[in-house]
1. Relative contact order of region 138-196, please, whole-number percent, based on alpha carbon pairs below 8 angstrom and at least 6 residues apart.
2. Test of understanding: what is the full-extension gain from residue 208 to residue 132, defined as 0.36 nm times their sequence separation minus their Cα-Cα distance?
3. What distance in nm separates the simple spin-label points at residue 84 and residue 225, each placed 7 Å from Cα in the Cβ direction?
4. Using the scaling law 2.2 N^0.38 Å as the reference, what is the normalised Cα Rg of region 53-230?
5. Which residues does a label at residue 145 reach in region 189-215, if reach means a backbone N under 14 Å from a point 7 Å past the Cα toward the Cβ?
6. For region 45-124 and region 206-233, what is the centre-to-centre distance using only Cα atoms, to the nearest Å?
7. What percent do you get for the relative contact order of region 53-230 when only Cα pairs under 8 Å and 6+ apart count?
8. Can you sort 111, 65, 210 by how many other beta carbons sit within 10 Å, fewest first?
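Read-outs: derived from the displayed coordinates by stated rules, not from any lab. This is a predicted model, so every value here is computed, not measured. Glycine gets a Cβ as well: all are built from the backbone with ideal geometry, and neighbour counts include every protein chain shown.
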C-alpha cells in the first residue's frame, strides 16, 4: 500500500506541473493505474487463506477426512449388497467440500471435516449416535508434487469397506468383520502428480462397532508419511 500511495502522490505532483506535456501526463497516469491494479491484486491474493494441509500419522494412517454419515439403511439390509449400491449418486466420482449437503431418504446430511482420534475413523462417534445398519463416506484429497509409483494402499474396516482412487475401485470387502489394520491390500498403486481423490466407503452390517482405516505404504511395507492431505478439491 505504501507503493500505491507513493504513486498517487507522484501523480498529483505532476498534475500541478503546468508545463508538463499532455502526452507525458497520460503515459504516467497509465503507468500509475497499472501499478495500482497489480498491487491491489497482490494484496487480495495474500488475503485469501491457503487450503489447510495435513500429514498422515507416523505409521501412514490418514486421519483427516470429509465425512458424510450416517446414511441409515433398512433393518433387513444385506451389507454385502449395500457396499455395491450407490447410496450417493456416482459415489466413485465424489468431490465434496466441507458444508456441502445432500438428502438421502428423508434426512439431510452435511459433509463435515473430521480428524480421527486414533489410526481409524469411528463413525458412531462421528455421528454421535449408535447405529445398526448404516453407510458412511469419507473423502480426502492427496496432493503430490511428483508422480508416486509402486505404492500399496491398505484398508481395514468394520464391516464392509470399499476404496476408490481417482474414480477407480481398488479395494472391496463384502464380508462383515471386526477392524484390523491392512486387512486388504492393493499393490502397484500410482498417485498422480497433482490432486488425487480418495473415496472410502464403510457399511455397518449390524453390531456396536463401525470403523475404517486407510494408509499408503511403499512396496516394502514402509509407511508413506510425506503426503499432503487436503479437504478441498
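1. Values: 111 pairs, mean separation 29.1, N = 59.
That works out to 49 percent.
2. On the way: separation 76, 0.36 × 76 = 27.36 nm, distance 0.69 nm.
Taking 0.36 nm per residue and subtracting the Cα distance, the gain is 26.7 nm.
3. 4.0 nm
4. Working: Rg = 15.1 Å, N = 178, 2.2 N^0.38 = 15.8 Å.
Taking the Cα Rg and dividing by 2.2 N^0.38 Å, one obtains 0.96.
5. Zone members listed by number: 193-194.
6. Taking the Cα centre of each part, region 45-124 and region 206-233 sit 13 Å apart.
7. Values: 458 pairs, mean separation 58.7, N = 178.
The normalised contact order for region 53-230 reaches 33 percent.
8. Values: 111 22, 65 26, 210 29.
Listing 111, 65, 210 from fewest to most nearby Cβ atoms yields 111, 65, 210.
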